[in-house]
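K.L.:
Pasting a structure here, questions to come.
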Amino acid sequence: MGIGVPERTSAQPESDRVWSIETHGIDAIPDSDRHGRPQELFWVWCAANIGILGVTYGAFLVAFYSLNLWQGVLAAVVGTILSFFLVGFVSLAGKLGGAPTLVLSRAAFGVAGNALPTLVSYVSLVGWEIVLVALSTFAAQTVLVRLGWLHGDLALAISFIVIAAVTIAIGLLGHATIVRIQTWFTWAFAALTVVFMVLVWTEIDFDAVSALPTGPFWSGFVGGMSIIMAGLGIGWVNAAADYSRYLPKAVSARAVVGWTVFGASVAPLVLIVFGVLLAADNPDLATSANPIGVLAEPLPTWFLVPYMLVAVGGLVAGALLDIYSSGLNLLTLGLRVPRYQSVAIDGVLMVVGNIYILFFNESFFLPFQGFLITLGVLLASWSAVFLVDMILYRLREGYAEGELYS
């Protein structure tokens, strides 16, 4: 793959420094501001997909698609890697054109014709922000109540305020800060996730696992693989170029794709298979509105705080990419404000959506998540057009950056 060869990198430009507000919006990044190495994409995508929520996808394969262990493993491997290859190839467009994903999409759809794909993308990203922050809040509340520190709506409110504030603040700062934070998140949450799996390992009933019946091919295996693709890679294709657009044009194309696929796939593969093992004797993982709370039940008290950090942090890492990219989508739709202000607007929408889900209508959560996965059908269609255009024309001719804005 060529992903082990280090690339030369320049220092961070003034426009994109850690702990400073990124000043570029949806404009194409000039060569003078290009910096970084493809290896950074590993940390960005690994952190965004390391959330314990991945365990529930394995539970879906058992509870809803009736797959046995080996069918579940194969569906996880094919669905995860194939869907993240789409993310990897869209990331390559970011290196080529230096603009956000939905701006580059104008090359295939036209400036006016691209409005509808951008709107679908925007709804999807804001929706996933709401879902991930809501799940994070439920997880934190579960741990706080079990520890006896806080109870009821107070635990829910404090959890939400802290999680929402962190998500919005990092999104406001922008690209360089997100890359740095995602690197820290990957190391910390990978270690804590391993400890979590060791502690929960005794909950696996291997007799129940071996007794799982073989599921049907089309409605079972293909359906399960499709839901993995929709919930993972296809849910990220519309943001992929946003995190590769600062890379110098000279970096290896294979490295861009390779580090993206590797970083995004490694954690979900482990978590989905672990979910299949757990769900054989615990179908509540697939049906609960608070699956992370279900996973916390067998944990010893001493690990509850670390578990809260890994459960909440893994979801927040995904929400960071959503709120950053949704802000870029809003600018692409025509809003003329600085990038950080578009993130603030999305933050307000995320807060309003979560207040409704958390405090007024919890039953809305699962249907809403289903709606977002359904949007994956539209995003898959968009990505097919985007990638065909890139392969036929942009790899050879590049992007006419000025025409993307005219």
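The values are calculated or read from the model by the stated rules, or taken from the named source; none is laboratory data. Predicted model, so just to flag it, every value in this text is computed and none were measured. All Cβ positions, glycine included, derive from the backbone under ideal geometry; neighbour counts span all protein chains shown. Note: accessible area is taken over every heavy atom of the protein model, side chains too, but ligands, DNA and RNA are not part of it. Shrake-Rupley method; radii C 1.70, N 1.55, O 1.52, S 1.80 Å.
K.L.:
Please enumerate the residues belonging to segment 30-52 that are charged (D, E, K, R), open to solvent by 40 Å² or more (accessible area, probe 1.4 Å) and outside any loop (DSSP other than H, G, I, E, B).
P.N.:
Hits for segment 30-52 are ASP31, GLU40.
K.L.:
Counting only residues that are open to solvent by 10 Å² or more (accessible area, probe 1.4 Å) and within 19 Å of ALA384 (Cα to Cα), how many does segment 236-252 have?
P.N.:
So the count comes out to 1.
K.L.:
Hey, among the residues in segment 112-124 that are open to solvent by less than 10 Å² (accessible area, probe 1.4 Å) and modelled with pLDDT of 95 or more, which one's farthest from TYR405 (Cα to Cα)?
P.N.:
SER121
K.L.:
In segment 380-398, how many are out of contact with any Phe, Trp or Tyr (no Cβ under 9 Å at 6 or more places or on another chain) and either farther than 24 Å from VAL237 by Cα or open to solvent by less than 70 Å² (accessible area, probe 1.4 Å) (or both)?
P.N.:
5
K.L.:
Can you tell me which residue among LEU144, LEU132, LEU150 is over 25 Å from VAL348 (Cβ atoms), at pLDDT below 95 and part of a helix (DSSP H, G or I)?
P.N.:
LEU144
K.L.:
So, one more: So which of THR193, THR167 is touching a residue at least 40 places away in the same chain (Cβ under 8 Å), of a type in the set (S, T, N, Q) and under 22 Å from SER20 (Cβ atoms)?
P.N.:
THR167
K.L.:
Quick check on my filter: what residues within segment 131-177 are open to solvent by less than 20 Å² (accessible area, probe 1.4 Å) and hydroxyl-bearing (Ser, Thr, Tyr)?
P.N.:
Within segment 131-177, SER136, THR137, SER159, THR167, THR177 qualify.
K.L.:
Restrict the check to segment 220-227 and report whether at least one residue is of a type in the set (Phe, Trp, Tyr), buried (at least 21 other Cβ atoms within 10 Å of the Cβ) and more than 21 Å from the chain's Cα centre (by Cα).
P.N.:
yes
K.L.:
For TYR324, all conditions in the list (1) open to solvent by less than 10 Å² (accessible area, probe 1.4 Å); (2) free of Cβ contacts under 8 Å to residues at least 24 places away in the same chain hold save one; what is the number of the exception?
P.N.:
For TYR324, the exception is condition (2).
K.L.:
Just give me the residues in segment 220-233 being touching a Ser or Thr at 6+ places or on another chain (Cβ under 7 Å), among the hydrophobic types (A, V, I, L, M, F, W, C) and assigned to a helix (DSSP H, G or I), in sequence order.
P.N.:
Passing the criteria: ILE228, MET229.
K.L.:
Go through segment 59-102 and report how many residues are outside any helix (DSSP H, G or I), buried (at least 24 other Cβ atoms within 10 Å of the Cβ) and among the small types (Gly, Ala, Ser).
P.N.:
Selection size over segment 59-102: 2.
K.L.:
Can you tell me which residue is nearest to the chain's Cα centre (by Cα) among those in segment 191-219 that are under 30 Å from LEU375 (Cα atoms) and assigned to a helix (DSSP H, G or I)?
P.N.:
THR193
K.L.:
Then there is this: Output the qualifying pairs, or none if there are none: Cβ atoms under 6 angstrom, residues six or more apart or on different chains, first residue in segment 294-313 and more than 12 Å from LEU147 (Cβ to Cβ), second residue polar (S, T, N, Q) and crowded, with 20+ Cβ neighbours inside 10 Å.
P.N.:
Partner pairs satisfying both residue conditions: VAL310/THR193; VAL312/SER136.
K.L.:
Considering only residues that are polar (S, T, N, Q) and under 23 Å from the mean Cα position of the chain (by Cα), which ones fall in segment 55-77?
P.N.:
THR56, the sole residue that qualifies.
K.L.:
Could I ask something else about it? Listed residues LEU320, LEU335, LEU328, LEU358; which is more than 26 Å from TRP70 (Cα to Cα), outside any helix (DSSP H, G or I) and either more than 18 Å from the chain's Cα centre (by Cα) or modelled with pLDDT of 95 or more (or both)?
P.N.:
LEU335
K.L.:
Let me ask you something else. Residues in segment 200-208: is at least one modelled with pLDDT of 95 or more, under 30 Å from THR260 (Cβ atoms) and open to solvent by 30 Å² or more (accessible area, probe 1.4 Å)?
P.N.:
no
K.L.:
Looking at GLY258 and the list (1) farther than 27 Å from ILE130 by Cβ; (2) open to solvent by 20 Å² or more (accessible area, probe 1.4 Å); (3) under 18 Å from the mean Cα position of the chain (by Cα), which single condition is not satisfied?
P.N.:
So GLY258 meets the others, but not (2).
K.L.:
Here is a list: ILE391, ILE373. Which entry is of a type in the set (A, V, I, L, M) and either outside any helix (DSSP H, G or I) or modelled with pLDDT of 90 or more (or both)?
P.N.:
Residue meeting the stated conditions: ILE391.
K.L.:
How about segment 279-293: which of its residues are open to solvent by 20 Å² or more (accessible area, probe 1.4 Å) and touching a Leu at 6+ places or on another chain (Cβ under 7 Å)?
P.N.:
Residues satisfying the conditions are ALA280, ALA289.
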